[in-house]
Amino acid sequence: MDAAPDRARAVGVRVVIAKPVGPICNLHCEYCYYLDTTSLFPSGERYRMNPDTLDRYVRAVIAASDGPTVQFVWHGGEPTLAGLAFFERVVELQDLYLPDGWQCVNNLQTNATLIDDAWAGFLAAHHFAVGVSLDGPSTYHDRGRRDRRGRPTHERALRGYRRLRESGLNPDVLCTINAANAVAPREVYHFFLDLGVRWLQFIPVVELDEGGQPRDNSVTPHAYATFLTTIFDEWVRHDVERLDVQNFLECANVARGHPVELCVMAERCGQVLAVEHDGSIFSCDHFVGPAHRLGDVDDDLAALLASPQQRAFGDAKFDGLAVRCRSCDVLTYCHGGCPKDRIATRDGEVLNYLCEGYHRFYAHVRPHVERMVDLARAGRRPSTIMAELAGDEHDLRRAFALAGRNDPCPCGSGRKFKNCCLTSGRA
């Protein structure tokens, strides 16, 4: 299961992620954290939101919003398994219950393998924002994203993506960073550029065993940082304002002092509720279980969000920060990451498994995003940074060409050229 496209923001209750078919999916991705939630339900459960629950859910979300825009996020499992008629009814109910002058924004996150012309036409006609899950070229995508018969899915996903494009939609793409594709950042990035993707989000796969050790499909902290910094270095030099990468744009939000959309970067959790197919509401779709059940769709969603239980859940992210996190120079960007990925270290502190990778990535991008923010404040386009970097690097290449082995390194490190950029290969 993947995170929702989150560019459109609801007012009041910000986002509720709905699971119309619960954890049921036509794929069996090796890193999916949501498939195991079937254990919460009895044998023979029919994983389908029934018409009455759907009616109550639509009314509840609209009632909990301050308007005039109400956001609905549809996830799974695979939400298209609910069927086209289900979403036709969604639109009917929204039209029925929306106050005059209000509108709904529907976000659908899909693996795209079931998208045919009928689906694409419906989603386009009703202005759905669609996110497609792709892990890059087939070499990497098909290692982790196979169907329940073990067959590759890349070709089907790409066919669905192209149908959405042909219908007039420009789908967002969500790409996990996992053990398979983390070794090929440039290949993955250029695959999406060639595909014409305009909005892209990367999410790390972190699966830890009972001892806090990563499972085979998890990305390591080092590989995570290398993957994102490599892509950032290409993006900031060539593709600013051509391709929106949410991981980078959120860093710019931090530099501006603006709120972030990605909950993993927020100071506190708890602003995104999850509702299962049976109407049960949970604190977060990473924490679906009895301990985090808040109520159901008959309850006031705004009251559930403000409840002591949910506030405690949200505050635990900040309250549980280790001492070293509180004095970290990238704390405002990281905030300790997702609590699900925190593990106890040998010295007794609790840190995010990706801590070292987060620090390396945020420290690397911060000077550049701060420069882009400065450019915007001066009334210039953030993409101006591309020309600035090209000029700086032209001058540096010339300085490298003229430097002697024992001269001070032109990079300004204070070391001799032979002991710095000449040896490292940067020159």
Original post:
Would it be correct to say that Gly76 is part of a loop (DSSP other than H, G, I, E, B), out of contact with any helix residue (DSSP H, G or I) (no Cβ under 8 Å at 6 or more places or on another chain) and buried (at least 19 other Cβ atoms within 10 Å of the Cβ)?
Top reply: yes
**OP:** Check Pro99 against each of (1) part of a loop (DSSP other than H, G, I, E, B); (2) touching a helix residue (DSSP H, G or I) at 6+ places or on another chain (Cβ under 7 Å); (3) open to solvent by 10 Å² or more (accessible area, probe 1.4 Å) and name the one condition it does not meet.
**Re:** (2)
Original post:
Can you tell me which residues in segment 67-106 are farther than 25 Å from Tyr33 by Cα and under 20 Å from the mean Cα position of the chain (by Cα)?
Top reply: Val105
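Out of segment 348-365, which residues are of a type in the set (Gly, Ala, Ser) and closer than 8 Å to Ala225 by Cβ?
Residue satisfying the conditions is Gly357 alone.
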**OP:** Looking at (1) surrounded by fewer than 21 Cβ atoms within 10 Å (Cβ to Cβ); (2) under 29 Å from Leu164 (Cα atoms), find the lone condition where Val61 falls short.
**Re:** (1)
**OP:** Only residues that are hydrophobic (A, V, I, L, M, F, W, C), in a loop (DSSP other than H, G, I, E, B) and within 15 Å of the chain's Cα centre (by Cα): list them for segment 239-268, please.
**Re:** Val260, Leu262, Ala266
**OP:** Would you mention how many residues in segment 256-298 are open to solvent by 30 Å² or more (accessible area, probe 1.4 Å) and either in contact (Cβ under 8 Å) with a residue 24 or more places away in the chain or of a type in the set (S, T, N, Q) (or both)?
**Re:** 13
**OP:** Tell me which of these Val105 doesn't satisfy, since it passes every other one: (1) open to solvent by 20 Å² or more (accessible area, probe 1.4 Å); (2) β-branched (Val, Ile, Thr); (3) part of a loop (DSSP other than H, G, I, E, B); (4) touching a residue at least 60 places away in the same chain (Cβ under 8 Å).
**Re:** (3)
Subject >> Wholly within segment 126-215, strands (runs of 3 or more DSSP E) carrying at least 1 residues that are small (Gly, Ala, Ser) and closer than 23 Å to Phe87 by Cβ >> reply: 129-133
**OP:** Search segment 405-427 for residues that are within 16 Å of Glu393 (Cβ to Cβ) and pair each with any residue that is of a type in the set (Gly, Ala, Ser) when their beta-carbon atoms are under 8 Å apart and the residues are at least 6 apart or on different chains.
**Re:** Cys409/Ala403; Pro410/Ala399; Pro410/Ala403; Cys421/Ser413; Cys421/Ala427; Ala427/Ala403
Original post:
What are the residues in segment 308-338 that are open to solvent by 20 Å² or more (accessible area, probe 1.4 Å), of a type in the set (S, T, N, Q) and in contact (Cβ under 8 Å) with a residue 12 or more places away in the chain, if any?
Top reply: Gln309, Thr332
Subject >> Residue that is modelled with the highest pLDDT [pool: residues in segment 8-24 that are out of contact with any Phe, Trp or Tyr (no Cβ under 7 Å at 6 or more places or on another chain) and either open to solvent by 20 Å² or more (accessible area, probe 1.4 Å) or among the charged types (D, E, K, R) (or both)] >> reply: Lys19
Original post:
Which residues, counting only those in segment 380-404, are over 18 Å from Glu234 (Cβ atoms), open to solvent by 70 Å² or more (accessible area, probe 1.4 Å) and without any contact (Cβ under 8 Å) to a residue 40 or more places away in the chain?
Top reply: Arg380, Asp395, Arg398, Ala401, Leu402
**OP:** List the number of the failed condition for Ala302; all other conditions in (1) modelled with pLDDT under 95; (2) under 23 Å from Pro221 (Cα atoms); (3) surrounded by 14 or more Cβ atoms within 10 Å (Cβ to Cβ) hold.
**Re:** (2)
Subject >> Residues within segment 26-48 that are touching a residue at least 12 places away in the same chain (Cβ under 8 Å) and at positive phi, tallied >> reply: 0
**OP:** Spot the failing condition for Gln71; the list is (1) in contact (Cβ under 8 Å) with a residue 40 or more places away in the chain; (2) in a helix (DSSP H, G or I), and only one is missed.
**Re:** (2)
Subject >> Options Asp147, Asp142, Asp172; residue that is surrounded by fewer than 17 Cβ atoms within 10 Å (Cβ to Cβ) and not hydroxyl-bearing (Ser, Thr, Tyr) >> reply: Asp147
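The values are calculated or read from the model by the stated rules, or taken from the named source; none is laboratory data. Bear in mind that the values here come from a model prediction, so they are computed numbers and not experimental data. No Cβ is skipped: glycine too gets one built from the backbone with ideal geometry, and neighbour counts run over all protein chains shown. Side chains included, ligands, DNA and RNA excluded: accessible areas come from the protein's heavy atoms. Shrake-Rupley method; radii C 1.70, N 1.55, O 1.52, S 1.80 Å.
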